[in-house]
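Here the structure comes first, spelled out in C-alpha cells, and everything after it is commentary.
FYI, it's all coordinate maths here, none of it is from the lab. Remember, it's a predicted structure, so these values are computed and weren't measured experimentally.
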Amino acid sequence: MKAVRVFDFKQIQLLTCDDSTLKVIPGLNDDINVKSQFAGYKAAAINVPAETSLPAFWFACRDRFPQLSSIALRYLSVPTNSVDAERSVYKR
C-alpha cells in the first residue's frame, strides 16, 4: 500500500502529500484534527535524525500526533513478506 509511505519520516519530504493523501489511508478520518496533525508531522519530520527508527519516532510522537501515531504504528507493525502467499503455506 503506497499511501502508507507517508508514515516514513525519511520519505515524507520526497512525496507529494496533500489532503487527498489522507483520504486513501484506511483508518484515517478526514477531520480538521488529522489535517493539523499531518501538517505538524510534515514539519517535524525534517528535523528527525536519520538513525531514528520509524517505530521509535511514532512512539515518541504519540502525544503530539495521537491519531497519526496510532495508525502509523498499526501499519508499521505489519510484517513484510516477499514470498507469494501460495508458497508460504507448508504442504506435505
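Segment residue 63..residue 33, full-extension length gain: 9.5 nm, with 0.36 nm per residue of separation and the alpha-carbon distance subtracted.
Measuring nothing but alpha carbons in region 10-75 and taking Rh as the Kirkwood radius, the Rg to Rh ratio lands at 0.93.
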